[in-house]
Every structure is written in structure tokens, then in C-alpha cells.
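Written out below as C-alpha cells is the structure these notes cover.
The values are calculated or read from the model by the stated rules, or taken from the named source; none is laboratory data. All values derive from a computational prediction rather than experimental measurement. Positions of Cβ are generated from backbone atoms using ideal geometry, with glycine treated the same way; all protein chains shown enter the neighbour counts.
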Amino acid sequence: MSVRELVVLGTASQVPTRHRNHNGYLLRWDGEGILFDPGEGTQRQMLRAGAAAHDLNRICVTHFHGDHSLGLAGVIQRINLDKVPHRITAHYPRSGQRFFDRLRYATAYRETVSLTEAPVDADGTLATTEAYTLQARRLSHPVESFGYRLVEPDGRRMLPDRLAAHGIKGPDVSRIQREGSLNGVTLEAVSEVRRGQRFAFVMDTRLCEGVHALAEGCDLLVIESTFLDGDERLAEEYGHLTAGQAARVARDAGVRHLVLTHFSQRYTDPEEFERQARAAGFEGELTVASDLLRVALPKRR
Ligand SMILES: [Zn+2]
């Protein structure tokens with residue numbers, strides 16, 4: 001059974017607190033691991049969460065503020081120390097190439113792994129695999145920031161009653177799936193579209209077109225809500241979202257499970273984020289993230 005889950009490594013914006021590490025999120029998607037925004041301390045948080053350097057296939061950085069990228073130095077050195085045998089690809093805003101270079105070569109170490117640099121400079125598709133298409137969309141923040149979105153291709157769900165009605169069974173089921181028709185019966189006649197799952201990672205940004213585009217129809221949306229609604233002016237000024245804004249985006253986009261994170265250290269009561277998200281009319285599953293939490297992708301509809 002393939003695993004699709006989010007492993008939350010850290011949830012603090014700007015500075016870590018006694019209870020929250022800097023950001024860090026590992027998405028397990030079938031056999032792959034995608035690490036988003038490794039802030040300071042990510043290497044150790046991975047250890048605590050039971051994730052190894054070998055689990056990583058991609059690293060996606062939204063922007064080069066420290067809470068989203070200071071962990072790159074440690075994680076990249078660990079990938080090399082552990083001599084990870086498979087290819088690892090890093091995506092990050094091309095405008096921050098000099099920051100990536102510095103973090104990648106922050107100190108001396110023996111480089112054993114060829115990390116592929118795949119910087120992002122425009123909206124669009126970054127990679128296509130059998131399991132997903134990875135897309136980027138520009139966000140709105142004082143430094144250039146891109147959000148990421150994974151879209152699984154649509155598949156087809158076989159309908160047992162239709163198969164039975166056409167007398168298709170046993171090995172013929174995989175044959176019609178493979179070949180598209182069998183003895184004049186089309187695949188469409190015995191199956192329906194099974195929509196691919198969608199995941200998005202939106203951080204750091206004020207409200208903009210990219211936020212809505214990334215969130216559209218997501219099964220699981222991880223989105224920053226740095227501020228509570230009372231501090232909406234600060235959010236706008238510093239290029240962030242409030243709990244209510246993030247929840248309204250999710251509501252309008254038909255998100256099934258909303259994960260709020262990247263909290264300012266000024267707040268002490270996480271439940272207030274939940275109350276404001278509900279007050280904003282979001283009715284799906286809601287998680288106010290805490291470190292080392294695991295969130296499964298919602299079951300297929
Ligand atoms: Zn941040």
C-alpha cells in the first residue's frame with residue numbers, strides 16, 4: 001500500500017520557540033520524499049520524525065528567508081555523509097541562487113552525491129513522474145517566493161457491476177485497462193474517472209492570484225497563517241496571511257483538509273487559529289500544525 005502523508009517537522013515562523021522548530025515539512029508520496037522549506041534544525045527534526053536522508057528525492061524551497069532555508073546546509077551535508085545513492089533534485093527561486101550556493105557550500109565537507117539544481121523562475125511545470133506533476137506558482141512576499149503543487153494524473157476506477165454485465169473478469173480486467181477496449185467493449189463503458197489527488201504548499205505570501213491557483217481543488221493544503229485576523233494590517237505589510245484569510249482561500253478552493261502553520265511567536269494559543277478558520281467558514285478537515293505531527297492525505301472520494 002502506497003503511503004501519502006505529510007510529516008510536519010517544524011511550524012515556527014521567523015524564530016523557533018520552546019515548542020516549535022523552524023519550518024520543515026516532508027511529504028511522502030508513494031515511494032518518494034519531498035522536503036519543503038527546511039529551516040534551521042531540520043536535520044534533527046527528521047531524525048525525531050523517523051525520516052532519513054535516504055527518504056529524500058526532492059527539496060522544494062519557497063524563498064530564501066532563514067526560517068525556510070537555513071536547514072539546507074545541514075540536510076545537504078547529511079545527504080552526502082550518508083552517500084544517498086539516488087538522484088536528489090532541489091527547486092528554489094533562481095533569484096536566490098547565491099543563497100543556495102552559500103548554503104550548499106556553507107562549510108567544508110566531502111561531496112559524494114550529485115545534487116541536481118533545478119531553480120524556478122516562472123510559473124509552470126517543474127517535473128512530471130508517473131505519480132505526479134510538480135508545478136510552481138509565484139507568490140507575493142518581500143523576497144521572491146514560489147508555492148508548489150503536486151497533481152496526480154487522473155486514473156480510472158473499474159466498476160464491478162459493469163464488468164460483470166459485460167462478462168469481463170479475471171485477467172481480462174487488466175487487459176481492458178491496458179488496451180482500452182476488449183471485444184468491442186470500451187474501457188469507458190466499464191469504468192469511471194478517478195480523480196488524481198492534489199497537494200499544495202503555500203508559504204510565505206500575502207493574498208494573490210497564485211495562492212488561489214495553488215489551492216484549487218486540493219485534497220491537502222498546507223498554508224501559512226502567520227497572523228491572527230486582528231493583525232491583518234501587519235500581515236499585509238510583511239507579506240503574510242491571517243488564519244481567516246487562509247481559511248477563506250481553502251473554503252473557496254474546495255480544499256478537503258487544511259493544515260495551518262508558520263505561526264508567529266507572538267501568539268500562545270493555537271486554538272485561536274482554529275476558531276478563526278472556522279469563523280471564516282471553512283468546513284473541511286482542519287489541522288493547526290504542531291511539530292512532528294503526521295497528516296495523511298484524505299481517502300479518495
Ligand atoms: Zn517564513
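Going by what's in this entry, would R294 be described as surrounded by fewer than 17 Cβ atoms within 10 Å (Cβ to Cβ), under 22 Å from the mean Cα position of the chain (by Cα) and within 23 Å of H22 (Cβ to Cβ)? In short, yes. Mind checking which residues of the stretch 49-74 are surrounded by 21 or more Cβ atoms within 10 Å (Cβ to Cβ), more than 16 Å from the ligand (Cβ to nearest atom) and in a helix (DSSP H, G or I)? Residue satisfying the conditions is A53 alone.
Is it the case that some residue within the stretch 185-192 is away from the ligand (no atom under 16 Å from the Cβ), hydrophobic (A, V, I, L, M, F, W, C) and either surrounded by 19 or more Cβ atoms within 10 Å (Cβ to Cβ) or within 15 Å of the chain's Cα centre (by Cα) (or both)? The answer is yes, given that some residue of the stretch 185-192 is away from the ligand (no atom under 16 Å from the Cβ), hydrophobic (A, V, I, L, M, F, W, C) and either surrounded by 19 or more Cβ atoms within 10 Å (Cβ to Cβ) or within 15 Å of the chain's Cα centre (by Cα) (or both). Within the stretch 14-26, can one find any residue that is surrounded by fewer than 22 Cβ atoms within 10 Å (Cβ to Cβ), in the same structural domain as E144 (by TED's automatic domain parsing), hydrophobic (A, V, I, L, M, F, W, C) and farther than 17 Å from L292 by Cα? Within the stretch 14-26 (the criterion being surrounded by fewer than 22 Cβ atoms within 10 Å (Cβ to Cβ), in the same structural domain as E144 (by TED's automatic domain parsing), hydrophobic (A, V, I, L, M, F, W, C) and farther than 17 Å from L292 by Cα), the answer is yes, since at least one residue qualifies.
One residue stands out among those in the stretch 240-265 that are within 16 Å of the ligand (Cβ to nearest atom) and not in a loop (DSSP other than H, G, I, E, B): the one that is farthest from L9 (Cα to Cα), which is Q245. Among the residues in the stretch 28-48, are any of a type in the set (F, W, Y), within 16 Å of the ligand (Cβ to nearest atom) and in contact with a Gly (Cβ under 9 Å, 6 or more places away or on another chain)? There is at least one residue in the stretch 28-48 that is of a type in the set (F, W, Y), within 16 Å of the ligand (Cβ to nearest atom) and in contact with a Gly (Cβ under 9 Å, 6 or more places away or on another chain).
Residues of the stretch 193-217 that are within 16 Å of the ligand (Cβ to nearest atom) and either in a strand (DSSP E or B) or closer than 30 Å to G180 by Cα (or both): F201, V202. Is it true that R78 is farther than 23 Å from T11 by Cβ, basic (K, R) and surrounded by fewer than 24 Cβ atoms within 10 Å (Cβ to Cβ)? Taking the combined requirement at face value, the residue does not satisfy it. Counting residues in the stretch 290-298 that are more than 19 Å from H68 (Cα to Cα), β-branched (V, I, T), in contact with a Leu (Cβ under 6 Å, 6 or more places away or on another chain) and touching a residue at least 12 places away in the same chain (Cβ under 8 Å) gives one or more.
Within the span defined as the stretch 266-275, every residue fails to be within 16 Å of the ligand (Cβ to nearest atom), out of contact with any helix residue (DSSP H, G or I) (no Cβ under 9 Å at 6 or more places or on another chain) and either touching a residue at least 40 places away in the same chain (Cβ under 8 Å) or among the β-branched types (V, I, T) (or both).
Residues are listed down the side, and each one gets a yes or a no for (1) within 21 Å of G31 (Cα to Cα); (2) assigned to a loop (DSSP other than H, G, I, E, B); (3) of a type outside the set (A, V, I, L, M):
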position: T116; (1), (2), (3): yes, no, yes
position: T125; (1), (2), (3): yes, no, yes
position: V143; (1), (2), (3): no, yes, no
position: G147; (1), (2), (3): no, no, yes
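Total residues in the stretch 142-155 satisfying the condition of being surrounded by fewer than 22 Cβ atoms within 10 Å (Cβ to Cβ) and farther than 30 Å from L187 by Cα: the figure is 3.
Of note, T112 does not satisfy the criterion of being part of a strand (DSSP E or B) and away from the ligand (no atom under 16 Å from the Cβ).
Residues of the stretch 218-237 that are under 14 Å from the mean Cα position of the chain (by Cα) and either of a type in the set (G, A, S) or away from the ligand (no atom under 14 Å from the Cβ) (or both): C218, D219, L220, L221. Considering V75, V113, the condition of being assigned by TED's automatic domain parsing to the domain that holds V222, touching a Pro at 6+ places or on another chain (Cβ under 6 Å) and more than 19 Å from L126 (Cα to Cα) is satisfied by V75 alone. Any chance the stretch 86-96 includes a residue that's at pLDDT 95 or above, more than 26 Å from V143 (Cβ to Cβ) and of a type outside the set (S, T, N, Q)? Checked against the condition, which is being at pLDDT 95 or above, more than 26 Å from V143 (Cβ to Cβ) and of a type outside the set (S, T, N, Q), the stretch 86-96 yields at least one hit.
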